[in-house]
Amino acid sequence: MSENNATDSTAENGQGEVQFALQRIYVKDISFEAPNSPQIFQQQFQPRVKLDVDTEHTMLGESMYEVTVRVTAHVYNGDEQSTAFLAEVEQAGLFTIAGLSDEQLGHTLGAFCPNVLFPYARECIDNMVGRGSFPALMLAPVNFDAMYAQKQEQRQQQMDS
C-alpha cells in the first residue's frame, strides 16, 4: 500500500519516471596560445600551472539542457612573468533530463553532467598542449560535487545578506 502512495505522490508532484539521456557532446570554444614561442623552447622548462574550471547550464526547452564545462590552463615558465601557454576549452553537452525534483535537477546539472563532460575537456586540453610541442599536461579529476556545494553555499549567503 505504501508503494502506491509513493507512486501517487510522485505523479501529483508532476514528476513521472526519471529520464536522463546524453544527446550530444561538442566543443563550443577552443583556444591555444603560446605567446613566447619559439624562445620558450630554448629555456629550461619549469611549468607552473594555474587552472580554472567553471560550469554553467541553460534550459533549452522542456527537459532539454545544455551544460558547459569551461577549463582554462594558464601555464607559466618559472614565474608568472613568462607565459608558456594558455589553453582554453568550453566543452558542452545536450542532456534530456526529466522527472527529478528541483534539488536533484540542480545537482545533476551542476555536478553529474560536468563529471560526464570533463574527460572530454581534459583530452582536448592535452591534445592542444601536445600539438603546441609542450610536455603533456595531465589534469587531475575535478570534484564537481564540492564545486556545486560551494556555489550553493555562496548563493545562500548572497540571499541572506
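Computed quantities for the displayed model
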{"read-out": "Residue within segment 104-125 that is at pLDDT below 95 and closer than 30 Å to E17 by Cα present", "value": "no"}
{"read-out": "Looking only at segment 81-99, and only at residues there that are crowded, with 17+ Cβ neighbours inside 10 Å and in contact (Cβ under 8 Å) with a residue 60 or more places away in the chain, the one that is nearest to F45 (Cα to Cα)", "value": "V89"}
{"read-out": "Identity of the residue in segment 28-74, of a type outside the set (A, V, I, L, M) and in contact with a Cys (Cβ under 9 Å, 6 or more places away or on another chain), that ends up farthest from A149 (Cα to Cα)", "value": "Y65"}
{"read-out": "Within segment 37-71, considering residues that are of a type in the set (A, V, I, L, M) and out of contact with any His (no Cβ under 9 Å at 6 or more places or on another chain), the one farthest from Q152 (Cα to Cα)", "value": "I40"}
{"read-out": "Residue within segment 41-55 that is touching a residue at least 24 places away in the same chain (Cβ under 8 Å), buried (at least 20 other Cβ atoms within 10 Å of the Cβ) and not hydrophobic (A, V, I, L, M, F, W, C) present", "value": "yes"}
{"read-out": "Filter pass, Q23 being over 19 Å from E123 (Cβ atoms), in contact with a Leu (Cβ under 7 Å, 6 or more places away or on another chain) and surrounded by fewer than 18 Cβ atoms within 10 Å (Cβ to Cβ)", "value": "yes"}
{"read-out": "Subset tally (residues that are small (G, A, S) and surrounded by 15 or more Cβ atoms within 10 Å (Cβ to Cβ)) for segment 133-155", "value": "0"}
{"read-out": "All positions within segment 22-53 that are within 27 Å of the chain's Cα centre (by Cα) and farther than 21 Å from L139 by Cβ", "value": "L22, Q23, R24, P35"}
{"read-out": "Contacts under 9 angstrom Cβ, first residue in segment 106-133 being over 27 Å from T58 (Cα atoms), partner in a helix (DSSP H, G or I), 6 or more apart", "value": "S133/F41"}
{"read-out": "Verdict on T72 being in a strand (DSSP E or B) and closer than 19 Å to L22 by Cβ", "value": "no"}
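The values are calculated or read from the model by the stated rules, or taken from the named source; none is laboratory data. In this text, all values refer to a predicted model and were calculated from it rather than measured experimentally. No Cβ is skipped: glycine too gets one built from the backbone with ideal geometry, and neighbour counts run over all protein chains shown.
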